[in-house]
Structure formats: structure tokens, C-alpha cells
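Undergrad: The following block contains the structure, expressed as C-alpha cells.
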Amino acid sequence: MLKGFREFILRGNVIDLAVAVVIGAAFTAVVSSIVTNLINPVIGAFAQTQGLENALELPIGAAHIKFGAVLASILNFLIIAVVVYFVFVYPINHLKNRMDRLRKKGVVEPDAPVTELDLLTEIRDLLQAQQSPPQPSGKHADPLP
């Protein structure tokens, strides 16, 4: 029972996921701080309120609808999306496309990491070579007339 749990925890993708969650939480805190402490006061200055959360507030009876708080959340999301795209997604896609072009040309960089596709292709070629019947050679290779 403990062995299975240990294997589950030490699996690469579980650890990678845990690291991603921790980094994502820290990153979210940084972006939230930027929105709360930099962007909100600037927008609040234009709206003449203390912050974006208090801007565009609509009182309806005892309730208060805070459009500014919703706008702050949308800005927070957009900033996170922009940073994730331009810091992670775009560079990785650019590198993948570059490696694909080099592979198609037959040029492989000397320090290029071996990918799963490379390994699977090599395994496939080895299996095909093992399954094909051996080709006869030598003086007995020619069929008899």
C-alpha cells in the first residue's frame, strides 16, 4: 500500500503538477499585487476613488454592485493570460517550430534533446528490422533455375 503511494507521489507528472500549482499561486499573488497596488490606484485616480474596487459602485437599496471590482478581476485575468502567453507559450511554440523545421531539413542541432518522437521512431525502425525476414546473401542466395 505504501509502495504504491510512494510510486504515485514520485511520478514525474505529479511532482511537475505540484510545482506548477505552487508557482502559479505565487505568480497570481504577484499579478494581484500589481493590479491592486499599481493599476487600481491609477484607474481610481481617473475615476476619483481610492481604488478600482471602489470605482463604479452602484448602490441599490442596502446592496452595492461593484463594477470596479469585476473590472479589476478581468484586468487581473488579462494580465495573467498575457504574461503566460508571451513568457511561456509563445517561446515554447517558437522553439518547437524551429526544431521541426530543422528536423525536416535533416539538420539536427548537436545539443538538441532527444524527444519521445525520436525514441519512438527509433524503436519502430528497430522492430521493423527484426520482423523482416533475413535477406539471403552469398553464393547460395540466387534461386535455382
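The values are calculated or read from the model by the stated rules, or taken from the named source; none is laboratory data. Only a predicted model underlies this, so the values are computations on that prediction, with no experimental measurement involved. Backbone-built Cβ (ideal geometry, glycine too); neighbour counts: all protein chains shown.
Undergrad: Enumerate the pairs (first residue in the range 34-61 and within 20 Å of Val82 (Cα to Cα) and of a type in the set (S, T, N, Q); second residue anywhere and modelled with pLDDT under 75 and surrounded by 14 or more Cβ atoms within 10 Å (Cβ to Cβ)) with beta-carbon separation below 6 Å, excluding pairs fewer than 6 apart on the same chain, so at least 6 apart or on different chains.
TA: Between residues of the range 34-61 that are within 20 Å of Val82 (Cα to Cα) and of a type in the set (S, T, N, Q) and residues that are modelled with pLDDT under 75 and surrounded by 14 or more Cβ atoms within 10 Å (Cβ to Cβ), the close pairs are Asn40/Gly51; Asn40/Leu52.
Undergrad: Next question. Select from the range 48-67 the residues that are buried (at least 16 other Cβ atoms within 10 Å of the Cβ) and among the aliphatic types (A, V, I, L, M) and write down the one among them that is modelled with the lowest pLDDT.
TA: Leu52
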